[in-house]
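Colleague: Here you go, one structure.
The values are calculated or read from the model by the stated rules, or taken from the named source; none is laboratory data. This structure is a prediction, so every number in the text was calculated from the model and none was measured. Glycine also receives a Cβ, built like all others from the backbone with ideal geometry; neighbour counts cover every protein chain displayed. Please note that ligands, DNA and RNA were not included when accessible areas were found on the heavy atoms of the full protein model with its side chains. Shrake-Rupley method; radii C 1.70, N 1.55, O 1.52, S 1.80 Å.
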Amino acid sequence: MSSTQLTHVVLVSFYSELSQAAREEALFNFRQLGNNCGGRDAGILFWKADWNLDRRKNYHLMVVSIFENEDALRNYAAHPKHKDFASSLSKMADWIVGDIAVGLPID
């Protein structure tokens, strides 16, 4: 098991025909996802989902999370609630993901 914290970033680009109400519901659900997948007890040390302030590349939402280690990130990715959310999101958006092996200074 790795002890290096991982920062996980997701940028979401909604399909143009998606309503504002559906976009807001997706953001609401994204905000809950970290806790729904176990939160701190599951090694999710930080979770923030919000509207992206920089829309130059048409990414509407941004999620930044910090995982205790690789196992925590792997368990999150395999969690049934994450899989269900990703399946639902795939019908309304495309996204890109990046992970780096460094945490942020958090309490």
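Colleague: How many of the residues in the range 1-18 are open to solvent by 30 Å² or more (accessible area, probe 1.4 Å) and part of a strand (DSSP E or B)?
Modeller: Result for the range 1-18: 2.
Colleague: Report yes if some residue within the range 61-78 is in contact with an Asp or Glu (Cβ under 6 Å, 6 or more places away or on another chain) and of a type in the set (A, V, I, L, M, F, W, C); otherwise report no. Full working, then the answer.
Modeller: Step one: of the range 61-78, the residues in contact with an Asp or Glu (Cβ under 6 Å, 6 or more places away or on another chain) are none.
No, there is no match, as no residue in the range 61-78 is in contact with an Asp or Glu (Cβ under 6 Å, 6 or more places away or on another chain) and of a type in the set (A, V, I, L, M, F, W, C).
Colleague: Something else about it: Which residues, taken from the range 56-98, are open to solvent by 80 Å² or more (accessible area, probe 1.4 Å), in contact (Cβ under 8 Å) with a residue 60 or more places away in the chain and of a type outside the set (A, V, I, L, M, F, W, C)?
Modeller: Across the range 56-98, the qualifying residues are GLU68, GLU70, ASP94.
Colleague: Name the residue that is least open to solvent (accessible area, probe 1.4 Å), counting only residues in the range 36-55 that are more than 14 Å from the chain's Cα centre (by Cα) and charged (D, E, K, R).
Modeller: By that ranking, first place goes to ASP54.
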